[in-house]
1. Nothing charged except the Cβ atoms of Lys and Arg (+1) and of Asp and Glu (-1): what's the magnitude of the dipole of the chain about its Cα centre? Round to the nearest 20 debye.
2. Can you give the Rg and Dmax of the stretch 190-287 based on its C-alpha atoms, in angstrom?
3. Show the residues, 5+ positions off or on another chain, whose built amide H is closer than 5 Å to the amide H of residue 281.
4. Using label points projected 7 Å from each Cα along Cα→Cβ, tell me how many nm separate residue 141 and residue 160, to one decimal.
5. To the nearest 20 debye, what is the magnitude of the charge dipole of the stretch 190-287 about its Cα centre, counting +1 on the Cβ of each Lys and Arg and -1 on the Cβ of each Asp and Glu?
6. Short version: ³J(HN,Hα) in whole Hz for each residue of the stretch 216-221, in order, from phi by Karplus 6.51 cos²θ - 1.76 cosθ + 1.60 (θ = phi - 60°), x for Gly and Pro, what are they?
7. Order by neighbour count: 205, 363, fewest other Cβ atoms within 10 Å first, most last.
8. How big is the gap, in Å, between the Cα center of the stretch 102-117 and the Cα center of the stretch 255-298?
Amino acid sequence: MTASTATNASTTKNPPTVLLVGGGIGGMAAALALARLGVAIDLLEQSASIGEIGAGLQLGPNAFAALDALGVGEAVRKGSVFTDRLVMMDAVDCAEVASVPVGEAFRARFRNPYAVSHRADLHGAIHEAVKQHPLIRFHTSAQVEAIDTSGQGVTAVTKDGRQFKADAIVGCDGVKSVVRARLIGDAPRVSGHVVYRAVVPADCMPADLRWNAPVVWAGPDCHLVHYPLRHGEQYNLVVTFHSREAEEWGVTDGSKEEVLSYFEGVHARPRQLLDRPTSWRRWSTADRDPVGRWSDGAATLLGDAAHPMMQYLAQGACMALEDAVTLGEAVKACGFDMPAAFKLYEAARVARTARVVLSVREMGRLYHAKGVERLVRNSLWTGRSPERFYDAVEWLYAWRPEHCLDDAPGTLRPVTATAEAKADAETAAVLSPH
Ligand SMILES: Cc1cc2nc3c(=O)[nH]c(=O)nc-3n(C[C@H](O)[C@H](O)[C@H](O)COP(=O)(O)OP(=O)(O)OC[C@H]3O[C@@H](n4cnc5c(N)ncnc54)[C@H](O)[C@@H]3O)c2cc1C
């Protein structure tokens, strides 16, 4: 099937046509960002139905800035829970390590709230806007197996043999991206960190843990997280441990016996969470070493396909949303010259997203510290003022759509040396449980 008429993107003055591979949060956000400019989109999603997994997601203020730019901020806010604090507890002795308020002062500084949302609600809000846009065609059961960028325009071939053609292509197809395999060909870095996730009704949640906050219980080689969803009617539970097994990236059903076996060194108070779900899903996680280039001519990558990261800063989806807005701005700035736009977009995103990928790895180490390292972590964070925390996350949370191209070489805006130095020195002090 030919979904779009191929033209030469580098010479066209009219809006081009674009194939987006992957209908997750990143792909749908990119569809909105481009369609708003008049670009006709074919969005190819391998699943038979459109949706997200049953789990929660944290959204930093940078995500809301991006969602507003995409026109869906209010819809997402409606389904979100605005938390009071971000909390870290020591899972061994139940002492509070840090409690960072994210109320008025936080919102004033970062111009947006910190929130938690059910993934299906976030995905659903973006999908509603996608459905209403006449320039976006959403194809389900369209698993892309190959792409060809060698001729004029690009072609994507699906498993069932259909061919989709357009002027340009964006791989938004997640950690195991087929488009990345074609553009870069590197292997994912399986972390050996396994995540179990479940959503439970509020009455299953221990009464003494029903806090309006993302709470991380940091333990030796493991941690547990909980936060409310859907006006507090549900709670999201996430537990992570270093696997004893040789892991492969992937998602499977979990086993209660396995999860219990990794939390023996943890206090009974957080440990009681492990009994609550009736079923768990198990994620063996992976990221990739950051790369300096992820575009080639009329093809580029976005979201987890471009910069997959582990979950310790709760920023993977936030980065995909930022990517989408930046891509749209780059296309606008380059007057629909797609290869030039992809270069500009990439230049604006590589360093920032690599910084997040690398900070996340460090964060995982701090979350799972044991022995003396645990004591060092606790002494670093206990009693830390909100202002010091805010300074440390300035680089991450203060992202703004109107400056999203500023980080591209040649367009660097001036930054205050003090703020940057502080942020660098204190990256390790970021507290953002996922
Ligand atoms: C345990 C855990 C907790 C997390 N918590 C947070 C959090 O709190 N906050 C946050 O911001 N991020 C969080 N993340 C990260 C976030 O989930 C991801 O970064 C985000 O979902 C990436 O979106 P994406 O659209 O780039 O990729 P994906 O969500 O992976 O979407 C890719 C889409 O492409 C489709 N696809 C794949 N291959 C093909 C193909 N060949 N053809 C067609 N379609 C294809 C898939 O079916 C899927 O729909 C967490 C991740 C994990 C593992």
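1. Numbers: 45 positive and 50 negative charges, 71 e Å.
About 340 debye.
2. 13.1, 39
3. Result for residue 281 returns 197, 254.
4. Result: 0.4 nm between the two label points.
5. For this selection, approximately 320 debye.
6. Those phi angles translate into 10, 9, 8, x, x, 6 Hz.
7. Least crowded to most crowded, the residues run 205, 363.
8. After rounding, the separation between the Cα centres reads 27 Å.
Rule-based calculations on the coordinates, nothing more; no lab input. It should be emphasised that the depicted structure is a prediction, and the values quoted were computed from it without experimental measurement. Counting neighbours? That spans all protein chains shown, and the Cβs are built from the backbone with ideal geometry, glycine included.
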